[in-house]
1. Going by what's in this entry, would Arg175 be described as modelled with pLDDT under 95, assigned to a helix (DSSP H, G or I) and either within 30 Å of Lys20 (Cβ to Cβ) or assigned by TED's automatic domain parsing to the domain that holds Tyr91 (or both)?
2. Select from the range 53-84 the residues that are of a type in the set (Phe, Trp, Tyr) and part of a helix (DSSP H, G or I) and list them in ascending order.
3. Please tell me if Leu90 is in a helix (DSSP H, G or I) and closer than 18 Å to Asp167 by Cβ.
4. Inspect the range 112-127 for any residue being under 12 Å from the mean Cα position of the chain (by Cα) and surrounded by fewer than 17 Cβ atoms within 10 Å (Cβ to Cβ) and give the result as yes or no.
Amino acid sequence: MAELQRVSLKVQVYRILREKILQQEYALGEKINIDTLAEELKISNSPIREALMMLEKDGLIEFIPNNGARVVSFSETGFHEIASTLYVMLYGAYRLCVKNGTIDKVIADMEQYIKQQEEYSQAGNLLESVKHALMFDKSIIVGAGNSYLLSIYERIEDVFYLMALHDNQRGEDDRLKNLTEHQMILQSIRDGNPEEVRKWLDIHYDKHF
């Protein structure tokens with residue numbers, strides 16, 4: 001049996017930084033000071049730079065010429081394009097779920113996640129509420145039973161999370177609106193009405209920065 005390899009330093013730094021970004025310890029657009037981070041972690045700059053390059057591939061970091069690395073920030077165009085991508089992926093996945101006869105399992109999963117989304121929202125736990133809101137969406141992708149589609153979704157899932165977090169941080173009215181739209185998407189799927197599903201997905205992902 002092959003020996004397990006120790007996790008490299010750059011991967012450890014990658015995991016630390018990714019968690020800080022997703023937990024909003026680094027805000028959207030915030031600069032990441034490599035020297036400060038190296039001193040904090042007591043390591044050289046090299047693994048930090050390598051970890052930042054990995055995060056750039058994930059879409060969580062952007063390098064600004066003459067300004068260094070920053071947590072990704074969303075322009076109006078970029079924000080809308082991400083939302084449109086989600087709409088296309090979810091509606092296509094929904095049609096696959098219907099075709100493959102997996103829609104009942106999807107509905108059961110969505111019911112679970114929307115309940116948890118509401119409970120965490122009422123408890124004031126925004127991070128967990130958003131996490132379960134995304135699991136509501138992802139259940140359609142998973143239900144499609146297409147491993148390639150799932151891998152594409154998961155490759156950009158962290159960016160979706162940051163976008164949803166920003167969207168839900170704008171106020172209680174926006175959080176309630178998102179929850180209501182999820183309820184309408186679920187009801188449309190229960191009713192077996194593809195046109196209503198398309199309509200509510202379109203409404204839900206007509207997002208602007």
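The values are calculated or read from the model by the stated rules, or taken from the named source; none is laboratory data. Everything numeric in this text was worked out from a predicted model, so none of it was measured. Cβ: placed from backbone, ideal geometry, glycine included. Neighbour counts: every protein chain shown.
1. Values: modelled with pLDDT under 95: yes; assigned to a helix (DSSP H, G or I): yes; either within 30 Å of Lys20 (Cβ to Cβ) or assigned by TED's automatic domain parsing to the domain that holds Tyr91 (or both): yes.
Yes, satisfied.
2. Phe79
3. Numbers: in a helix (DSSP H, G or I): yes; closer than 18 Å to Asp167 by Cβ: yes.
It is true that Leu90 is in a helix (DSSP H, G or I) and closer than 18 Å to Asp167 by Cβ.
4. Within the range 112-127, one or more residues are under 12 Å from the mean Cα position of the chain (by Cα) and surrounded by fewer than 17 Cβ atoms within 10 Å (Cβ to Cβ).
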